[in-house]
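Down below is the structure, laid out as structure tokens.
The values are calculated or read from the model by the stated rules, or taken from the named source; none is laboratory data. Everything quoted here is computed from the prediction, not taken from an experiment. Cβ sites come from the backbone with ideal geometry, for glycine too, and all protein chains shown count toward neighbours. These area figures cover heavy atoms from the full protein model, side chains too; ligands, DNA and RNA do not enter into them. Shrake-Rupley method; radii C 1.70, N 1.55, O 1.52, S 1.80 Å.
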Amino acid sequence: AKNRGRAQAMMFSEEMHTRASSRLDLESQLARALDHNELRVYYQPIVDVSTEGVVGFEALVRWAHPIRGLISPLEFIPIAEQTGMIIPIGEWVLREALAQAQKWRTEIPGAAALSISVNFSVLQLQDPDFVAVVADALTRSGLAPTALHLEITESVMMNDIEAAAETLNALHALGVRLSLDDFGTGHASLGHLDRLPVQTIKIDRSFVGGLGGENPKAASIVQAIVNLARSLDLDVVAEGVETVEQLLDLRRIGARLAQGFLWSRPLPPQEIPQWLMRASG
Ligand code: C2E
Ligand code: CA
Ligand code: CA
Ligand code: CA
């Protein structure tokens with residue numbers, strides 16, 4: 001038994017070693033991924049709950065790794081945040097998404113009113129150049145500032161809400177719209193609504209997944225968030241809608257916007273024109 005224990009301990013440490021070294025590999029490879037043109041932006045439609053018409057797209061980054069294939073942002077964004085790479089990566093995603101949105105607006109009939117939502121990290125808020133970078137990216141793209149929705153995850157904003165508010169106010173003054181992402185999963189979400197210039201709440205899919213009869217409590221929570229948003233005059237997007245039953249519940253509850261696999265997974269940009277034509281035809 002003792003030997004077996006030792007063998008297991010060895011295997012365990014080997015596995016840890018493999019994991020640690022693959023993480024180190026990823027870390028150093030991520031530093032070059034931008035220069036090597038390995039990052040991709042995918043787009044997921046956001047739809048009107050009552051008509052199912054498209055109102056905009058959310059930009060979601062992926063890493064087309066030469067050996068491992070497409071790597072999820074859940075795996076490499078935390079690394080990018082720890083190494084500081086999130087600053088150039090975030091700026092690249094923003095410029096890429098704005099250029100793409102402007103291209104669709106001019107090339108696709110009916111796409112002129114579509115918004116583009118871009119995620120950003122709290123670390124970008126601490127970058128003294130962030131507001132200037134957003135302003136410059138907007139000018140270069142030719143897109144109206146009101147077409148850009150910046151999505152911020154509340155759980156990462158906790159540390160310095162005053163500094164965050166200052167930067168967000170400057171972005172708001174540019175005309176950019178701000179969304180509170182993953183609403184309901186962080187801690188001081190209500191305080192953030194009070195202090196930050198946000199126009200939209202995105203309801204986390206952990207609640208949306210309970211709609212459609214799955215979990216009556218989830219429906220009550222979604223209803224409460226929608227009521228709260230209405231009384232604060234905020235827009236609401238329900239995330240992660242996968243079934244018609246969930247959509248019907250959102251209609252009953254009165255949520256205005258939604259996104260999820262029910263309409264589309266995030267798609268590479270070249271597939272969007274065709275998707276839009278099918279969606280409207
Ligand atoms: P998020 O901002 O909450 O994005 C929504 C995530 O839910 C996306 O995962 C999307 O693919 C997924 N999703 C959408 N609809 C459904 C559905 O119906 N069912 C299920 N199961 N999932 C759905 P993704 O693309 O893997 O992104 C994960 C997270 O990575 C994002 O969560 C966001 O926090 C972060 N992220 C993505 N792109 C960026 C970026 O450019 N910058 C930063 N800072 N973070 C990013
Ligand atoms: Ca988001
Ligand atoms: Ca979210
Ligand atoms: Ca999320």
Exposure rank, largest accessible area first [PHE207, PHE57; 1.4 Å]: PHE207, PHE57
Using Cα pairs under 8 angstrom and six or more residues apart, how large is the relative contact order of the chain, in percent? 17
Modelled label-to-label distance, ASP160 and ARG40, 7 Å Cα→beta-carbon offset: nm? 3.6
With everything on Cα atoms, drop me the angle between helix 130-141 and the longest principal axis of the chain, reported from 0 to 90° to the nearest 10. 60
If R₀ is 45 angstrom, what is the calculated FRET efficiency for the pair GLU107 and SER22, using the beta carbon separation as r and rounding to 0.05? 0.65
Figure the gain on full extension for GLN199 and THR146 (residue separation times 0.36 nm, minus the Cα-Cα span) and round it to one decimal in nm. 18.0 nm
Full-stretch length increase - ALA224, LEU174 - with 0.36 nm per residue and alpha-carbon distance subtracted: 14.9 nm
Could you work out [θ]222 nm for the chain from helices alone, using -39500 (n - 2.57) per DSSP H run of at least four and dividing by all its residues? Round to the nearest 500 deg cm²/dmol. -16000 deg cm²/dmol
Accessible-area order for TRP263, TRP92, largest to smallest, probe 1.4 angstrom, reads TRP92, TRP263
Going by alpha carbons, how many degrees (0 to 90, nearest 10) lie between the helix axis of 161-174 and the longest principal axis of the chain? 50
How much of the accessible area of the chain, in percent, comes from carbon and sulfur atoms when a 1.4 Å probe is used? 53
Starting from the Cα gyration tensor of segment 63-134, take the square roots of the eigenvalues, sort them a ≥ b ≥ c, and report rounded, prolate or oblate (rounded when a/c is under 1.5, otherwise prolate if a/b is larger than b/c, else oblate). oblate
At a threshold of 8 angstrom on Cα-Cα distance, excluding pairs fewer than six apart, so keeping six or more, what relative contact order does segment 139-281 reach in percent? 18
Can you give me the distance in nm between label points at LEU248 and THR139, each placed 7 Å from the Cα along the Cα-to-Cβ direction? 5.3
Consider a paramagnetic label point 7 Å from the Cα of ALA279 along Cα→Cβ; state which residues of segment 219-244 have an amide N under 16 Å from it. 237-243
Ordering SER28, SER189 by accessible area with a probe of 1.4 Å, largest first, what comes out? SER28, SER189
Just the accessible area per residue of segment 65-148, please: how many Å² with a 1.4 Å probe? 47
